[in-house]
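The values are calculated or read from the model by the stated rules, or taken from the named source; none is laboratory data. What you are looking at is a predicted structure, and each value in this text was computed from that prediction instead of being measured. A quick note on method: Cβ atoms are made from the backbone with ideal geometry, for glycine too, and the neighbour counts reach across all protein chains shown.
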Amino acid sequence: MSLLGFLAALPKVELHVHLEGAMPPATLLDLARRHRVRLPADTLEGLRDWFRFRDFDHFVEIYLACSSVLREPEDFQRLVRDFAAEQERQGIRYSEVHFTIGTHWLTGLPIDEILDAIGETIREEERRRPARIRLIPDIVRDVGAKTADPTLDWAIEAKKRGLAVALGLTGREAICPSEPFADHFAAAAEAGLHCVAHAGEHAGPASIESVLGPSRAERIGHGVRAVEDEALVARLARQRTPLEVCPTSNLSLGLAPDLARHPFDRLRRAGCELSVSTDDPALFGVDLPRELANLADAFGYDAETLVELVVAGVRHSFLPEEEKRALAAEVEAEARRLAPLHLGRGFAPAGAA
Ligand SMILES: [Zn+2]
């Protein structure tokens, strides 16, 4: 009997996870060897030491190293296959996955071939496993306009093929504003893509306000520093703007000293719409069942509250409405079935008779 077993078996969705940041360490080492890329470590143990994050710059250094070993379309296919297998292992049925095609465009890789390769593998994996994957190609603020154009074009083409659901915005929000990309997000919306933006992670409330404006983000990646401004928290709750919260990532990068002092529970009690994700699971050494179980440990959440958070993720996803309803119903039915097996009791969601 364990809550972790219950959470592992429960069908889930993940809305904030980066494809490059989900690269298994063994794949990173293998691709580095194959393409003769020198990394600061060449063993799994060495990687674990290197992955002890000092700050955001150190994180970016590691993230770019993961990107740098992707050289051929087959490497991207391997990354997608690894990702789909891992999502299935965690019981994640549907993922909206950030992918920074601009980095690969900058190094001169054939991004059209990469789209063909990734699309083929996503379709193959969907036939093999109950793990659907949709992409969120993202613009990196600090790399600027030169990669924003090819990223937008790539995202629109991926949308036409049914592979992408949104255009994302990432990068150093503290030093790079989001306003210069307003036209890109308007064009993406015109093409039927949703818009999401990282904000309120390394910068405060003003950064969140900026993406609610010109880039019209429908979901905020992180957004936890909204807690510094009561009026903004009230606005996010009133507008029901979903925040994709990644607690382990926040702790690893120093946003809070421990989970008990992380803003998650304060934002939840203030009525904000929250879902839970892992951000870069391979780099932070976490998975989604563990991420949810940690919240139970820190804040005393029961299984019903955790299932509510999973269902919130389904509601905040960009799945068609009918599929959202079906998946949410499946999560709740599975929670009722799994509770006696893993928790030794029935499942009693709030509002149930
Ligand atoms: Zn992220």
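Return the only residue of F299, F264, F284 being surrounded by 14 or more Cβ atoms within 10 Å (Cβ to Cβ), at pLDDT below 95 and among the aromatic types (F, W, Y). Exactly one of F299, F264, F284 is surrounded by 14 or more Cβ atoms within 10 Å (Cβ to Cβ), at pLDDT below 95 and among the aromatic types (F, W, Y), namely F284. Criterion first (part of a loop (DSSP other than H, G, I, E, B) and closer than 26 Å to C272 by Cβ) does R225 satisfy it? Here the answer is no, as R225 does not meet what is asked. Restricting E88, E45 to those that are among the charged types (D, E, K, R) and either at pLDDT 95 or above or part of a strand (DSSP E or B) (or both) reduces the list to E88. Checking each residue in the stretch 166-190 for being assigned to a loop (DSSP other than H, G, I, E, B) and either among the basic types (K, R) or more than 16 Å from the ligand (Cβ to nearest atom) (or both) picks out R172, I175, P177. Answer with yes or no whether V69 is within 26 Å of E96 (Cα to Cα), crowded, with 20+ Cβ neighbours inside 10 Å and within 16 Å of the ligand (Cβ to nearest atom). No; evaluated as a whole, the condition is false for this residue. Here the stretch 191-232 is the region considered, the condition is being among the charged types (D, E, K, R) and surrounded by 20 or more Cβ atoms within 10 Å (Cβ to Cβ), and the residue that is nearest to the ligand (Cβ to nearest atom) is E201. Of all residues in the stretch 296-331, those satisfying the criterion of being over 27 Å from A166 (Cα atoms) and out of contact with any Asp or Glu (no Cβ under 8 Å at 6 or more places or on another chain) are D297, G300, Y301, D302, A303, E304, T305. Could you tell me which residue of the stretch 233-255 is surrounded by the fewest Cβ atoms within 10 Å (Cβ to Cβ), considering only residues that are touching a residue at least 12 places away in the same chain (Cβ under 8 Å) and over 27 Å from V165 (Cα atoms)? Within the stretch 233-255, the match that is surrounded by the fewest Cβ atoms within 10 Å (Cβ to Cβ) is G254. Checked against the criterion of being without any contact (Cβ under 8 Å) to a residue 12 or more places away in the chain, outside any strand (DSSP E or B) and under 20 Å from the mean Cα position of the chain (by Cα), the candidates G162, G119 yield just one match: G162.
Name the one entry in V60, V17, V80, V97 that is part of a helix (DSSP H, G or I), within 16 Å of the ligand (Cβ to nearest atom), on the phi < 0 side of the Ramachandran plot and of a type outside the set (G, A, S). Selected residue: V60, the only one of V60, V17, V80, V97 that is part of a helix (DSSP H, G or I), within 16 Å of the ligand (Cβ to nearest atom), on the phi < 0 side of the Ramachandran plot and of a type outside the set (G, A, S).
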